[in-house]
Amino acid sequence: MGASVVYLVTKNAGKVREVEAVLNKYGFSVSPIEARKEELQSDLLEHVAKYAAEQLIGKIPEPFIVEDSGLFINILNGFPGPYSAYVYKTIGTWGILKLMEGAVDRGAKFVCAVALCLNGRVHVFRGEVEGEISIRARGDAGFGFDPIFVPFGYSKTFAEMSIEEKCMISHRAKALQLMVNYLIQVYGVKNV
Ligand code: IMP
C-alpha cells in the first residue's frame, strides 16, 4: 500500500476519534471527509455501508471508509438498529430509557459495519459488542448512546470509559481490527 492515510466519510467527531485511536496504532493517519451519501433503507448495516461506499467510488480519494453503526435492543426487537442516528436526534438517550422503564431484560448490542474502498473495490467488516441498557445515563465521554450502554463484564457505561478502554472492546474497534488484519494480509502494513 502506498498511502498511509485513510479517509473516513463522516461528520461525527466521536467516530473520528475512535477510528484514529485504532488506526494510529498501525501507522495510519485518519482524514475525515464530508461527502453526500445515498442512504439505503435496510435492516442490515453491512448493506447500508457497502451501498454508500459504492456510490462514492471515483468521487473521493482512496482508501476510504464508510462506517455505519447502531444500537439493537433485545426487548424492542432490535430497535433502533439502523435508525439509531434518527432516534438519537429525536428522542435521545432519555427516550430510550423511557421506553425501557420497568424492563427486566435490558440486553442490547452495538453493531458496526465498516466498508473499506480500496482500488475501486469495497470490502465490508462487522463488529459487535453485547451489553445492557443502564437504568440511568452515566458519564460524559464518547457520543450518542454511550451514557446508557454497559458492555458485558463491565460495570461502567461506555461514557464512563476512556477512549482507549472503549476501543479495546467496542463494535467499531472490532470491525476496524478485522479491516486492519485484511490490509496486513493482502498488502502489508507498516508499524505492525
Ligand atoms: P450512523 O452510523 O451515522 O448511522 O449513526 C449511528 C448512530 O448510532 C449514532 O448517531 C449513535 O447515536 C449510535 N451509535 C453508533 N455507534 C455508537 C457508539 O459507539 N456509541 C454510542 N452511540 C453509537
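Most simply put, the stretch 5-187 has about 75% antiparallel DSSP beta bridges, counting only bridges with both residues inside it.
Quick check: at a probe of 1.4 Å, how many percent of the accessible area of the stretch 1-120 sits on carbon and sulfur atoms?
Details: 3010 of 5930 Å².
For the stretch 1-120, the apolar C and S fraction of the accessible surface comes to 51 percent.
When the surface is traced with a 1.4 Å probe over the full set of protein chains, Leu99 keeps roughly 90 Å² accessible. Among Val124, Val150, Val104, the largest mean-square fluctuation in a Gaussian network model of the chain (Cα springs under 10 Å) belongs to Val104. Accessible surface area normalised per residue over the stretch 5-187 is 49 Å², counting heavy atoms of protein chains with a 1.4 Å rolling probe.
Principal-axis analysis of the Cα atoms of the chain puts helix 171-186 at an angle of about 20° to the longest axis.
The angle between the Cα long axis of helix 45-56 and the longest principal axis of the Cα atoms of the chain comes to about 40 degrees, rounded to the nearest 10.
Computed from Cα atoms, the angle from the helix 13-23 axis to the main principal axis of the chain rounds to 60 degrees.
Taking Cα atoms of the stretch 5-187, Rg/Rh with Kirkwood Rh, to two decimals?
Numbers: Rg = 16.1 Å, Rh = 16.6 Å.
We get a ratio of 0.97 for the stretch 5-187.
Glu38 sits among other residues whose Cβ lies under 14 Å from its own Cβ, and their net charge, with Lys and Arg +1 and Asp and Glu -1, is +1. Quick check: the distance between the Cα centres of the stretch 77-127 and the stretch 151-188, to the nearest angstrom? Their Cα centres are 16 Å away from one another.
What net charge do the residues around Gly142 carry, taking every other residue with its C-beta under 10 Å from that of Gly142, with Lys and Arg at +1 and Asp and Glu at -1? Write down the numbers at each step before the final one.
On the way: positive: Arg17, Lys166; negative: Glu18, Asp140, Asp146, Glu160.
Every neighbour counted, the sum reads -2.
The values are calculated or read from the model by the stated rules, or taken from the named source; none is laboratory data. Note that the coordinates shown come from a computational prediction; the quantities given were computed from them, not determined experimentally. Counting neighbours? That spans all protein chains shown, and the Cβs are built from the backbone with ideal geometry, glycine included. These accessible areas exclude ligands, DNA and RNA; they are computed on the full protein's heavy atoms, side chains included. Shrake-Rupley method; radii C 1.70, N 1.55, O 1.52, S 1.80 Å.
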